Amino acid sequence: MDQDRTTRHLTITVASLTRRRPGMVEALIRSWGDMDIPGNATVRCLIVENDADAQVKGLVESLNPLVNGLPLDYVLETEPGIPFGRNRAAQEALAQGSDLLCFVDDDETVASDWLVRLVAGYRASEAALLGAPLRMAAPIDGLSRLELMMHHSISEGYRQKEKRNASLTSLNDTPRVTVVTNNWLAETRLFAEDGFWFNENMRFTGGTDSVFCAQVKDAGYKVGWVKDAFVYETLPRDRLSFGYQYARARDQINVHFHRKMEATPLSRYALILRLPGKLVEILILIVKLPFTGGKTLLDLAKTTGWVAGRVGAAFGVRSKLYTNITGG
């Protein structure tokens, strides 16, 4: 272990990228104001707005400084696309001399001990990049029975994923687990010294954080997991529909399968062998729907999305996951 990281003073930028979600980003900022501050560290928070014009600058300025005394900064990144916003956050962190850059999403809130635990995990590890669990926040008011059922199904999926990730990972290793920016810490030297950046050619497809993680692993860096640093995602009503969950699954698998085909071109043809089984699975899920009271609706959305995403990728279709904004 690098003894220096266990004792040295750390400068940290905690950042989030936002676009047209003023209510959600305000909730996130207020949770930053309620969080504990790690010892022997200087922390600043940063909102990067990815839009043509400043929409939430006034809101951000009205909340600066935060209740816990942390400074809150704002920058506008007018080049559309998530990788441009993430790279802008990294540039701002470097300009401020930060050792670490942390990301959370603008539809999340952080636990009060989130940053303390995340930084403690970093100090105890040898990793240059670390991730941590995402949990579901309580459902918003006024949801229908079907929407509540979808919320429960998604929440249960998150719990299972958290349990799986905890069993597979350590502070220095994440086999079969991808670290993504919904709960993320990285050393800024990955950008400054090693030239890792989020791929701006993937403007709207999503998946640039997955590619970033794969590149860091391939370069031989340790990538770790902090099992007890929690953030909570709030799901608006428009994400609790079958259509949204289908489209999300379709576009995520589309990005993944494009990467797989680039690495292993024959995987395009191996898809033919898997399709019949998936189609049978879809039929079984449809038949089961009345008997499960709709509880298998999420599985149906994800499985049909799996088929559409892979078939689309095989024929050259590219995801546009982040062209539509949900929440507010």
Q. Hey, any hits in region 108-123 for a residue that's acidic (Asp, Glu) and open to solvent by less than 30 Å² (accessible area, probe 1.4 Å)?
A. yes
**Q.** LEU271 being more than 21 Å from TYR158 (Cβ to Cβ), open to solvent by less than 50 Å² (accessible area, probe 1.4 Å), in a helix (DSSP H, G or I) and in contact (Cβ under 8 Å) with a residue 24 or more places away in the chain
**A.** yes
**Q.** Where ALA89 falls short, out of the listed (1) surrounded by 16 or more Cβ atoms within 10 Å (Cβ to Cβ); (2) more than 18 Å from GLU200 (Cα to Cα)
**A.** (2)
Q) Among the strands (runs of 3 or more DSSP E) confined wholly to region 177-240, which include 3 or more residues that are closer than 30 Å to GLY294 by Cβ? A) 231-233
Q | Enumeration of residues in region 231-277 that are in contact with a Ser or Thr (Cβ under 9 Å, 6 or more places away or on another chain), modelled with pLDDT of 85 or more and basic (Lys, Arg) | A | ARG237, ARG239, ARG250
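Could you tell me whether ARG237 is out of contact with any strand residue (DSSP E or B) (no Cβ under 9 Å at 6 or more places or on another chain), surrounded by 15 or more Cβ atoms within 10 Å (Cβ to Cβ), touching a residue at least 60 places away in the same chain (Cβ under 8 Å) and within 25 Å of ASP209 (Cβ to Cβ)? Can you show your working first?
On the way: out of contact with any strand residue (DSSP E or B) (no Cβ under 9 Å at 6 or more places or on another chain): yes; surrounded by 15 or more Cβ atoms within 10 Å (Cβ to Cβ): yes; touching a residue at least 60 places away in the same chain (Cβ under 8 Å): yes; within 25 Å of ASP209 (Cβ to Cβ): no.
No: the conditions fail for ARG237.
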**Q.** Enumeration of residues in region 27-57 that are of a type in the set (D, E, K, R) and within 18 Å of the chain's Cα centre (by Cα)
**A.** GLU49
**Q.** Enumeration of residues in region 52-72 that are within 26 Å of HIS9 (Cα to Cα) and crowded, with 17+ Cβ neighbours inside 10 Å
**A.** LEU66, LEU70, LEU72
**Q.** Unmet criterion (only one of (1) in contact with a Gly (Cβ under 9 Å, 6 or more places away or on another chain); (2) modelled with pLDDT of 95 or more; (3) open to solvent by 20 Å² or more (accessible area, probe 1.4 Å); (4) not in a helix (DSSP H, G or I)) for GLU49
**A.** (3)
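Among the residues of region 132-141, is any without any contact (Cβ under 8 Å) to a residue 24 or more places away in the chain, open to solvent by 50 Å² or more (accessible area, probe 1.4 Å) and either farther than 30 Å from ALA52 by Cβ or touching a Gly at 6+ places or on another chain (Cβ under 9 Å) (or both)? Reasoning before the result, please.
The initial filter retains those residues of region 132-141 that are without any contact (Cβ under 8 Å) to a residue 24 or more places away in the chain, namely 138, 141.
Still in the running and open to solvent by 50 Å² or more (accessible area, probe 1.4 Å): 138, 141.
In the following step, the residues that additionally are either farther than 30 Å from ALA52 by Cβ or touching a Gly at 6+ places or on another chain (Cβ under 9 Å) (or both) were identified as 138, 141.
Yes.
The values are calculated or read from the model by the stated rules, or taken from the named source; none is laboratory data. This one's a predicted model, so the numbers in the text were calculated from it and none came from an experiment. No Cβ is skipped: glycine too gets one built from the backbone with ideal geometry, and neighbour counts run over all protein chains shown. Only protein heavy atoms, including side chains, enter the accessible area calculation; ligands, DNA and RNA are left aside. Shrake-Rupley method; radii C 1.70, N 1.55, O 1.52, S 1.80 Å.
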